[in-house]
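Taking it in order: structure first as structure tokens, then the write-up.
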Amino acid sequence: MPKLDVKNTAGKSVGSIELDDAVFGAEVSEHLLWEAVKWQLAKRRAGTASTKRMSEVKGSSAKPWKQKGTGRARQGSRKAPHFVGGGSVFGPKPRSYEYRLNKKVKKQALRAALSLRVKESKLIVLDAFALEEGKTKAVAAALAALGMAQPASKVLIVDAKDNELLTRGARNLASSQWLAPEGLNVYDILRHDTLILTQASAKQVEQALKAS
């Protein structure tokens, strides 16, 4: 089982914690991480791109000139795609890019992302993320004490929603982000250099991702 030091917001070690090997010591599959990130980004796509077909283009549908006798190729409408201002043939239409990903695959990808951060020594466990005021400078000062000065370091902080001072203070961080444990996901883990979990959040994530 991975055993990590538990630190406080001053950056001092105050104990240790043993994490479940099935969650924080799983095999790291790059393909699995890629699948999860691709799925997440597909869900975020607006899918609002739209082009006009012939029937939607403004203009007359009458023949530009008569069928025969002009010496020119026959034409049926000025709204045809090969005319300037004509309709589009295979242009995009509004659509959803979302697709389903197996629940077990999602969980295994999240285990892989967490295990990757453990192997890279980029997972920090705090006893608690206690603050005296819910201001950005207070969160930034705590991160600086942990060796992650803002905005140079990209940090993902995971703690419960009821820590209102943290949720409020982390809103305006330039390069870091706060997430609740239930919202933890592969994309946000990978796009931040370091992951910070409180002890309570680590156990909650561990419980949710235990092999079933």
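Quick rundown of the values:
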item: Convex hull per residue volume in Å³, alpha carbons only, for segment 1-59; result: 156 Å³
item: Over segment 79-124, equivalent-ellipsoid semi-axes from the Cα gyration tensor in Å; result: 48, 15, 6
item: q = 0.21 Å⁻¹, segment 48-96: log10 I(q)/I(0) [Debye, one scatterer per Cα]; result: -0.73
item: Approximate spin-label separation K93-S175, in nm, with each point projected 7 Å along Cα-to-Cβ; result: 4.5 nm
item: Helix-only mean residue ellipticity at 222 nm for the chain, each DSSP H run of n ≥ 4 adding -39500 (n - 2.57), per residue, nearest 500; result: -9500 deg cm²/dmol
item: Cα-centred dipole magnitude for segment 48-96, charges only on beta-carbon of K, R (+1) and D, E (-1), debye, nearest 20; result: 180 debye
item: Rounded to 5, percent antiparallel among DSSP beta bridges of the chain; result: 30 percent
item: Helix runs (DSSP H) in the chain reaching 27 Å along axis by Cα, Kyte-Doolittle at least 0.0; result: none
item: Mean Cβ neighbour count within 10 Å, used as a protection proxy, ranking 88-95, 199-206 highest first; result: 199-206, 88-95
item: Taking only Cα atoms of segment 1-153, radius of gyration then Dmax in Å; result: 29.4, 94
item: Förster radius 25 Å - calculated FRET efficiency between E132 and K161 (Cβ-Cβ, nearest 0.05); result: 0.80
item: Size of electric dipole in the chain: Cβ of Lys, Arg +1 and of Asp, Glu -1, about Cα centre, debye, nearest 20; result: 2540 debye
item: Cα-based Rg / Dmax (Å) for segment 99-212; result: 14.0, 43
item: Centre separation in Å (Cα based) which lies between segment 1-27 and segment 144-209; result: 15 Å
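Just so you know, all these numbers are worked out from the coordinates, no wet-lab data involved. No experiment lies behind these values; they were computed from the predicted model shown. For neighbour counting, all protein chains shown are included, and Cβ atoms are generated from backbone atoms with ideal geometry for every residue, glycine included.
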